[in-house]
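Student: I have a structure here, written as structure tokens, and I will follow up with some questions on it.
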Amino acid sequence: MEFKYIKITYNSNIAVVELNNPPANALSTTTIGELRSAFKQLADAENVHAVILTGSGKFFAAGADIKEFVPAMGDYDRGIQMSELGQQLCNDIEQLKKPVIAAINGPALGGGLELAMGCHFRIAVNEAKLGLPEVKLGLIPSFGGTQRLARITNMATALELILSGKHIASQEAVKHGLIQVTVSAEELMSTALTIANSFTEGNSMASVTRAIQSIVKGIHEPFEEGLKREKQKFAELFLTEDAKEGVQAFVEKRKPSFHHK
């Protein structure tokens, strides 16, 4: 499938999805639709074990395409639709059964930061600025930002950043747990690839996918429900060839040969 506003390249079993909607990689309705199609495609690709999401040029993503908001003013149903579209994209990414790493190459603002928060792991260049400035437009974050930021950091930090609308440096974002690693621009992609490989290389994708499901779904539900899913996923793995191979390899003191089944 060909895309106009994104590019997909591959590095072995790692797919790199690059936003390419200059000048600021705004998340227009069309761009969001392309991203949803791309992640569905990658979800079904057996040869793809992890995904890196990044931006082209100087921006990761500057947020939603504000020009699309103008004709929607006064239309409640259109507001619902625009929010749902962004929420669905971020949910698609978060619920992907493969690790998704946001490689934040520049400013990640508004919907751009919400997009990054949908990823499982976030790294950023030292110069990156992050923020949710929607209140300065008379709006609020609507791609899941009010919910994910509080879960990733805490309620007080989410209130401070959303109500002030301020931008913070990537180093400050690390202190809040919003970003895991900061690097130079030259190191960004090599670091992202190293992290992606650390999540998948030598591991069974049968177990990786179930670990992601257990963590991502569990954080949104009562503890007992999370424990229930955990034991179910653990038991499912007892039926896989990979678990049998992994246990046998451990006993025999050799490296396992996984087939991801």
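Student: Given the options Glu114, Glu160, Glu134, name the one that is within 15 Å of the chain's Cα centre (by Cα) and either modelled with pLDDT of 95 or more or surrounded by fewer than 19 Cβ atoms within 10 Å (Cβ to Cβ) (or both).
Tutor: It is Glu114.
Student: Now for a separate question. Does segment 50-105 hold any residues that are part of a loop (DSSP other than H, G, I, E, B) and among the hydrophobic types (A, V, I, L, M, F, W, C), and which are they?
Tutor: Phe59, Phe60, Ala62, Phe69, Met73, Leu96
Student: Could you figure out which of (1) of a type in the set (Ser, Thr, Tyr); (2) more than 20 Å from Ala192 (Cα to Cα); (3) in contact with a strand residue (DSSP E or B) (Cβ under 8 Å, 6 or more places away or on another chain) isn't true of Tyr76?
Tutor: (3)
Student: Going through segment 10-48 one residue at a time, which ones are under 17 Å from the mean Cα position of the chain (by Cα), within 26 Å of Ile195 (Cα to Cα) and hydroxyl-bearing (Ser, Thr, Tyr)?
Tutor: Residue satisfying the conditions is Ser37 alone.
Student: Let me ask you something else. Can you spot a residue in segment 199-213 that is open to solvent by less than 50 Å² (accessible area, probe 1.4 Å), touching a strand residue (DSSP E or B) at 6+ places or on another chain (Cβ under 6 Å) and either modelled with pLDDT of 95 or more or closer than 30 Å to Lys58 by Cα (or both)?
Tutor: yes
Student: Exactly one of (1) under 22 Å from Arg148 (Cα atoms); (2) free of Cβ contacts under 8 Å to residues at least 24 places away in the same chain; (3) among the small types (Gly, Ala, Ser) is unmet by Ala72. Its number?
Tutor: (1)
Okay, residues lined up against (1) in contact with a Lys or Arg (Cβ under 9 Å, 6 or more places away or on another chain); (2) crowded, with 18+ Cβ neighbours inside 10 Å; (3) not polar (S, T, N, Q):
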site	(1), (2), (3)
Ala26	yes, yes, yes
Thr29	no, no, no
Gly33	no, no, yes
Arg36	no, no, yes
Phe39	no, yes, yes
Leu53	no, yes, yes
Ser56	yes, no, no
Ala62	no, yes, yes
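The values are calculated or read from the model by the stated rules, or taken from the named source; none is laboratory data. Since the model is a prediction, treat every value here as computed from it, not as a measurement. Ideal geometry is used to build each Cβ from the backbone, glycine not excepted, and the neighbour counts take in all protein chains shown. Only protein heavy atoms, including side chains, enter the accessible area calculation; ligands, DNA and RNA are left aside. Shrake-Rupley method; radii C 1.70, N 1.55, O 1.52, S 1.80 Å.
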